[in-house]
1. Scan the range 127-159 for residues that are closer than 19 Å to R82 by Cβ, of a type outside the set (A, V, I, L, M) and in contact (Cβ under 8 Å) with a residue 40 or more places away in the chain and report the count.
2. When you check N108 against the structure, is it surrounded by 18 or more Cβ atoms within 10 Å (Cβ to Cβ) and either in contact with a helix residue (DSSP H, G or I) (Cβ under 6 Å, 6 or more places away or on another chain) or farther than 17 Å from E22 by Cα (or both), yes or no?
3. Can you pull out the residues in the range 51-65 that are surrounded by 17 or more Cβ atoms within 10 Å (Cβ to Cβ) and modelled with pLDDT under 95?
4. Would it be correct to say that E94 is buried (at least 18 other Cβ atoms within 10 Å of the Cβ) and either under 26 Å from I21 (Cα atoms) or among the acidic types (D, E) (or both)?
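The values are calculated or read from the model by the stated rules, or taken from the named source; none is laboratory data. Please read all numbers here as calculations on a predicted model, not as lab measurements. FYI the Cβ positions are ideal-geometry reconstructions off the backbone, even for glycines, and counts take in every protein chain you see.
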Amino acid sequence: MKTILTLLLVLTELLLSAQSIELRAGSSLIPSGYIALRYQQPTNYAIDFSIKTFLDKSRKHGLNYTAFGIDAMVEKPFSFMRVGIGPTVHVESEPWVYGDLSLAKRINYGIALEGAGELPLTDVFSLTAFVNQKFLFSKDLGRTHFVFGIGLSYHFSNN
């Protein structure tokens with residue numbers, strides 16, 4: 001109970017200082033469907049930080065591919081767009097292709113680059129279009145992964 005209460009307090013503190021939370025949907029070139037939840041944290045400097053959890057899923061050509069993971073980004077905001085770079089880690093799963101691999105061998109990691117444009121809809125909501133290119137280090141699981149799509153951001157007022 002103490003652990004749950006501590007986690008709730010930490011999450012509340014993070015949300016109180018958050019700049020925005022964004023729900024994203026899109027597609028990759030596999031092709032697969034993509035959904036993500038992104039949290040953005042402002043700083044006192046010319047950069048922001050964000051962390052994003054994602055799920056990438058496809059049922060094409062008899063395969064049942066799933067990848068989930070996390071991206072952590074350092075972002076440079078401009079007037080209506082931002083660019084970011086940071087580490088990415090994701091776990092790939094497909095019973096027929098990766099069935100014999102252990103969990104440790106299905107983890108792929110690398111560097112993610114991202115660009116996003118933002119269109120304000122109201123004072124607190126905005127529409128986002130994004131592209132995300134990953135350069136991965138495991139040649140057995142694939143070296144690149146490209147995702148694009150749209151998102152809806154909710155901006156907290158921290159005045």
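1. Just the residues of the range 127-159 that are closer than 19 Å to R82 by Cβ, to begin with: 127-134, 146-156, 158.
Filter again for of a type outside the set (A, V, I, L, M), leaving 128, 130, 132-134, 146, 148-149, 151, 153-156, 158.
Now narrow it down to the ones that are in contact (Cβ under 8 Å) with a residue 40 or more places away in the chain: 128, 130, 132, 134, 146, 148-149, 151, 153-156, 158.
Looking only at that region, the number is 13.
2. Yes: the conditions hold for N108.
3. Our first condition is that a residue be surrounded by 17 or more Cβ atoms within 10 Å (Cβ to Cβ); within the range 51-65, this holds for 52, 54, 56, 58, 65.
Of everything in the range 51-65, those that are surrounded by 17 or more Cβ atoms within 10 Å (Cβ to Cβ) and modelled with pLDDT under 95 turn out to be D56, S58, Y65.
4. No; evaluated as a whole, the condition is false for this residue.
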